[in-house]
Amino acid sequence: MSVDVFEVAVGPLVFSAHAAGPQDGRLVLLLHGFPQTSFEWRHQMAALAAAGYRAVAYDQRGYSPGARPGRVEDYHLEHLVADVLAVADGLGAARFDVVGHDWGGAVAWVVAARHPDRVRTLTAVSMPHPAAFAEALFGGDSDQAAKSSYIAVLRAEGAAEALLLAGDGEGLRRVFAGTGHPAPEALDEYVGVLTQPGALTAALNWYRSLSPADAPAVLGALKPVAVPTLYVWGDGDTALGRAAAEATAGFVEGPYRFEALAGVGHWIPEEVPERFNALLVDHLAASD
């Protein structure tokens, strides 16, 4: 697979990006999660390119060295969503398909809900609809509350950095190991980026920009998604539980497909790439 490495300028920010597939292919934007980079999509980019799509994965705000503003408020969801639209604009795409995993999935849900005129299809991986997640987390689901207990740790300014950066990033490696990440060869890539000056704080600011007090109202106010949607979730996910996954159907008004993968964990694009790629390409082809 031939991969193009380039940058996309969005105002004062510059995003690092990778692309594969024909230049005139239908644009598929891939949004990574925490604590990863665009490298998580390497298997999907190959499959999408082979199917004739133009797959573009960029390192999101805080992960790209040229897009790493210093304030917590710079990482509010509004900015993350605006980045997606601006990157698509920079690539000359009036419409695009969006695929997001983990935090990238949360951003993808919001982009699709608010901008159905721009989004052809949505594929969400692991992350349920944010309103379904808010209902589970703040509505008394004990399983989701337990799975989300780590968020308080990540929101602790200074302490989270010290924990995860300990031993030249060994704390980050323990997070991956403890949650069943299947590709140790990828960890050098992720840890290498997040141990750059300011990078981990920027990534953690995604969590810090939305306070627990404000989150239920912000996430709960998100309207249902009308575009064709594929949601893929693993029942072994250590961070995202069944209640929100199953409730997500109630927040999609357009064509919807939910795939619950038995025995699969949180890192779906890297854990079961062939199974996920087949679902993704099939979903995209249905909207050709």
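Tell me yes or no: at least one residue of segment 210-217 is assigned to a loop (DSSP other than H, G, I, E, B) and either on the phi > 0 side of the Ramachandran plot or in contact with a Pro (Cβ under 8 Å, 6 or more places away or on another chain) (or both). Explain how you work it out, then say what you get.
Within segment 210-217, the subset assigned to a loop (DSSP other than H, G, I, E, B) is 210-214.
Within this subset, residues satisfying the condition of being either on the phi > 0 side of the Ramachandran plot or in contact with a Pro (Cβ under 8 Å, 6 or more places away or on another chain) (or both) are none.
No; the residues of segment 210-217 include none that is assigned to a loop (DSSP other than H, G, I, E, B) and either on the phi > 0 side of the Ramachandran plot or in contact with a Pro (Cβ under 8 Å, 6 or more places away or on another chain) (or both).
Scan segment 138-149 and give yes if some residue there is modelled with pLDDT under 95 and assigned to a helix (DSSP H, G or I), otherwise no. Lay out the reasoning, then the answer.
First, the residues of segment 138-149 that are modelled with pLDDT under 95: 138-140.
Subsequent filtering for residues that are assigned to a helix (DSSP H, G or I) retains 138.
Yes, segment 138-149 contains a residue that is modelled with pLDDT under 95 and assigned to a helix (DSSP H, G or I).
Scan segment 243-277 residue by residue and report those that are part of a helix (DSSP H, G or I), surrounded by 16 or more Cβ atoms within 10 Å (Cβ to Cβ) and touching a His at 6+ places or on another chain (Cβ under 9 Å). Working first, answer last.
Narrowing segment 243-277 to residues part of a helix (DSSP H, G or I): 243-251, 268-271, 273-277.
Within this subset, residues satisfying the condition of being surrounded by 16 or more Cβ atoms within 10 Å (Cβ to Cβ) are 243-245, 247-248, 251, 268-271, 273, 276-277.
Matches in segment 243-277: A244, A247, T248, F251, I268, P269, E270, E271, P273, F276, N277.
Is it fair to say T248 is among the polar types (S, T, N, Q) and over 24 Å from A46 (Cβ atoms)?
Yes; evaluated as a whole, the condition is true for this residue.
Here are Q44, Q60: which of them is crowded, with 23+ Cβ neighbours inside 10 Å and assigned to a loop (DSSP other than H, G, I, E, B)? If you could, list the steps in order and put the result at the bottom.
Working: Q44 fails: assigned to a loop (DSSP other than H, G, I, E, B).
The match here is Q60.
Quick one: how many residues across segment 202-221 are among the hydrophobic types (A, V, I, L, M, F, W, C) and either surrounded by 21 or more Cβ atoms within 10 Å (Cβ to Cβ) or within 22 Å of E274 (Cα to Cα) (or both)?
We begin by selecting, within segment 202-221, every residue among the hydrophobic types (A, V, I, L, M, F, W, C); these are 202-204, 206, 210, 213, 215, 217-219, 221.
Within this subset, residues satisfying the condition of being either surrounded by 21 or more Cβ atoms within 10 Å (Cβ to Cβ) or within 22 Å of E274 (Cα to Cα) (or both) are 202-204, 206, 219.
Counting residues in segment 202-221 that are among the hydrophobic types (A, V, I, L, M, F, W, C) and either surrounded by 21 or more Cβ atoms within 10 Å (Cβ to Cβ) or within 22 Å of E274 (Cα to Cα) (or both) gives 5.
Quick test for you: out of A217, A244, A260, A203, pick the one residue that is among the aliphatic types (A, V, I, L, M) and more than 19 Å from the chain's Cα centre (by Cα).
Details: A244 fails: more than 19 Å from the chain's Cα centre (by Cα); A260 fails: more than 19 Å from the chain's Cα centre (by Cα); A203 fails: more than 19 Å from the chain's Cα centre (by Cα).
Going through A217, A244, A260, A203 in turn, the sole match is A217.
Within segment 75-83, identify whether any single residue is acidic (D, E), outside any strand (DSSP E or B) and out of contact with any strand residue (DSSP E or B) (no Cβ under 8 Å at 6 or more places or on another chain), and answer yes or no.
Looking only at segment 75-83, we keep the residues that are acidic (D, E), and these are 78, 83.
Within this subset, residues satisfying the condition of being outside any strand (DSSP E or B) are 78, 83.
Okay, now just the ones that are also out of contact with any strand residue (DSSP E or B) (no Cβ under 8 Å at 6 or more places or on another chain), so 78.
Checking segment 75-83: at least one residue is acidic (D, E), outside any strand (DSSP E or B) and out of contact with any strand residue (DSSP E or B) (no Cβ under 8 Å at 6 or more places or on another chain).
Output the residue which, of all residues in segment 153-187 that are touching a residue at least 40 places away in the same chain (Cβ under 8 Å) and more than 25 Å from R42 (Cα to Cα), is surrounded by the fewest Cβ atoms within 10 Å (Cβ to Cβ).
Going through the qualifying residues, I end up with E157.
Of all residues in segment 87-137, how many are hydroxyl-bearing (S, T, Y) and within 18 Å of G234 (Cβ to Cβ)?
If we filter segment 87-137 for residues that are hydroxyl-bearing (S, T, Y), which is where we start, we get 121, 123, 126.
If we keep only those that are within 18 Å of G234 (Cβ to Cβ) too, we end up with 123, 126.
So the answer is 2.
Among the listed residues V191, V225, identify the single one that is within 30 Å of E253 (Cα to Cα), of a type outside the set (S, T, Y) and buried (at least 18 other Cβ atoms within 10 Å of the Cβ). Give the derivation first.
Numbers: V191 fails: within 30 Å of E253 (Cα to Cα).
Only one candidate passes the filter, namely V225.
Looking at segment 6-40, which of the residues that are more than 14 Å from V87 (Cβ to Cβ) and touching a residue at least 60 places away in the same chain (Cβ under 8 Å) is nearest to the chain's Cα centre (by Cα)?
At the first step, the residues of segment 6-40 found to be more than 14 Å from V87 (Cβ to Cβ) are 12, 20-26, 33-37, 39-40.
Those left that are additionally touching a residue at least 60 places away in the same chain (Cβ under 8 Å): 26, 33-37, 39-40.
Working: R26: 20, G33: 4, F34: 7, P35: 10, Q36: 9, T37: 10, F39: 12, E40: 10 Å.
Restricting to residues being more than 14 Å from V87 (Cβ to Cβ) and touching a residue at least 60 places away in the same chain (Cβ under 8 Å), the top hit is G33.
The values are calculated or read from the model by the stated rules, or taken from the named source; none is laboratory data. Fair warning: this is a prediction, and the values are worked out from it, not measured in the lab. When we count neighbours, we look across all protein chains shown, and the Cβ atoms used for this are built from the backbone with ideal geometry, even at glycine.
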